[in-house]
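Participant: This is the structure, below, for whatever I ask next.
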Amino acid sequence: MAHPQMFDDADPVFVRLKEICLALPGADMKISHGRPAFFTKKIFAAYGAVLKGEHDSGRYDRSVVFMPDELEAKALEQDDRFFTPAYWGPYGWIGLDLNGDVDWEEVGQLVEESFGLTAPKKLVAELDQ
């Protein structure tokens, strides 16, 4: 049984995140478990998440999940805008709540860092050019 779609294609927050992610070299999007996932060979960002035990709350439906640099992860965890997403969190991923005022430059930097940690070296080199 397929998962139902858990996002709105026309949501301006999703549209903006999609623009940022798909602007990266070799990036594509697929729907995984009802949510958009951005990837090259591996996923580097996803839109929407849940907390463990809060699957129906919708609290983080408008969020980005990404892989942070290990050193940066500690600092991000101290900021209330960031959270540990169910399923992703045990593997080092962090979520950023995109409700309210969003610093899109910051989102772009976080997504690029995640891309740099997950994408093939050839694509990371294209980004650096």
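Participant: Name every residue in region 24-48 that is out of contact with any helix residue (DSSP H, G or I) (no Cβ under 9 Å at 6 or more places or on another chain) and of a type in the set (G, A, S), in order of residue number. Give the steps one after another, and end with the answer.
Facilitator: Here is the first cut: in region 24-48, the residues out of contact with any helix residue (DSSP H, G or I) (no Cβ under 9 Å at 6 or more places or on another chain) are 30-35, 37, 46.
Across region 24-48, the qualifying residues are S32, G34, A37, A46.
Participant: Now, a different point. Please verify whether region 58-67 includes one or more residues that are over 18 Å from E112 (Cα atoms), part of a strand (DSSP E or B) and of a type in the set (A, V, I, L, M, F, W, C).
Facilitator: Initially, region 58-67 is screened for residues over 18 Å from E112 (Cα atoms), giving 58-62.
Checking which are part of a strand (DSSP E or B) leaves us with none.
Within region 58-67, not a single residue is over 18 Å from E112 (Cα atoms), part of a strand (DSSP E or B) and of a type in the set (A, V, I, L, M, F, W, C).
Participant: Another one. Return yes when F115 is touching a helix residue (DSSP H, G or I) at 6+ places or on another chain (Cβ under 9 Å) and touching a residue at least 60 places away in the same chain (Cβ under 8 Å) and no when it is not. Before the answer, list the steps.
Facilitator: Details: touching a helix residue (DSSP H, G or I) at 6+ places or on another chain (Cβ under 9 Å): yes; touching a residue at least 60 places away in the same chain (Cβ under 8 Å): yes.
Criteria met by F115.
Participant: Does region 87-116 hold any residues that are closer than 15 Å to A45 by Cα, surrounded by 16 or more Cβ atoms within 10 Å (Cβ to Cβ) and either touching a Leu at 6+ places or on another chain (Cβ under 6 Å) or not small (G, A, S) (or both), and which are they? Outline the logic, then answer.
Facilitator: Restricting attention to region 87-116, the residues satisfying the condition of being closer than 15 Å to A45 by Cα are 87-89, 91-98, 104, 106-116.
Now restrict to residues that are surrounded by 16 or more Cβ atoms within 10 Å (Cβ to Cβ): 88-89, 93-98, 107-108, 110-116.
Across region 87-116, the qualifying residues are W88, W93, I94, L96, D97, L98, V107, L110, V111, E112, E113, F115.
Participant: Taking region 96-129, which residues are acidic (D, E) and in a loop (DSSP other than H, G, I, E, B)? Steps first, answer last, please.
Facilitator: Our first condition is that a residue be acidic (D, E); within region 96-129, this holds for 97, 101, 103, 105-106, 112-113, 126, 128.
Within region 96-129, D101, D103 qualify.
Participant: Please go through region 1-28 and pick out each residue that is surrounded by 15 or more Cβ atoms within 10 Å (Cβ to Cβ), in contact with a Leu (Cβ under 8 Å, 6 or more places away or on another chain) and not in a loop (DSSP other than H, G, I, E, B).
Facilitator: Correct list: V13, L17.
Participant: Just checking, how many residues over region 70-85 are modelled with pLDDT of 90 or more, outside any helix (DSSP H, G or I), more than 13 Å from the chain's Cα centre (by Cα) and surrounded by 12 or more Cβ atoms within 10 Å (Cβ to Cβ)?
Facilitator: Number satisfying all stated conditions: 1.
The values are calculated or read from the model by the stated rules, or taken from the named source; none is laboratory data. These numbers come from a predicted model, not from an experiment. Don't worry about glycine lacking a Cβ; one is built from the backbone with ideal geometry, like all the others, and counts go over all protein chains shown.
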